[in-house]
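*Asks:* This is the structure I have questions about; it appears just below.
The values are calculated or read from the model by the stated rules, or taken from the named source; none is laboratory data. The structure displayed is predicted, hence computed values, not measured ones. A quick note on method: Cβ atoms are made from the backbone with ideal geometry, for glycine too, and the neighbour counts reach across all protein chains shown.
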Amino acid sequence: MVEIHEQRTIAASPERVFDWLLDPANLTVSPWFRTATWEKDLAGPGVGATRKLKGFGFWVDEQLTAYDPPRSCSYSVVAGFPLANQNGTLTCTPSGGGTHVDWQSSFTIPTRAIGKLLESLSAPLLRAFAFRAILTGCAKALEN
């Protein structure tokens, strides 16, 4: 199992940061993701809402399992390739004049897909090109 934990303080209100991070369209600031949308006919986030993410060599459907705007949300992968299991929690806490974001995620890749090797190779790439890239994109979009 791979565990990723990223944090960043962004000079914007928790409401703006939370809304930005939950909007699937914004996830494409990451070079890891090619498309990201809410499940068809979905007006927006809430418990049970599903984001459909596609990227280089993977696709996942993430379903929100907890939703407490603008403080936190949790999600799990309900379908995807090659991930067998993924859970994550995003927490936004007021900090000075901004918002401290704490993002934790864990995932596994099944053995049939050369799991352990792919986990060890993908962890640093996901950390840099997905999680950090998204938090950096959020800061650039909201701090200017």
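*Asks:* Quick one: V47 ticks every box in (1) at pLDDT below 85; (2) hydrophobic (A, V, I, L, M, F, W, C); (3) more than 15 Å from the chain's Cα centre (by Cα) bar one, so which box is it?
*Replies:* (1)
*Asks:* Can you report the number of residues in segment 78-134 which are more than 16 Å from the chain's Cα centre (by Cα) and either modelled with pLDDT of 90 or more or basic (K, R) (or both)?
*Replies:* Qualifying residue count, segment 78-134: 9.
*Asks:* Right, here's the next one. Examine segment 17-26 for a residue that is at pLDDT below 95 and of a type in the set (F, W, Y), and state whether such a residue exists.
*Replies:* No; the residues of segment 17-26 include none that is at pLDDT below 95 and of a type in the set (F, W, Y).
*Asks:* Would you pick out the residues in segment 56-77 that are farther than 16 Å from G46 by Cβ and at pLDDT 90 or above?
*Replies:* Keep residues of segment 56-77 that are farther than 16 Å from G46 by Cβ, which gives 56-60, 77.
Scanning segment 56-77 gives W59, V60, V77.
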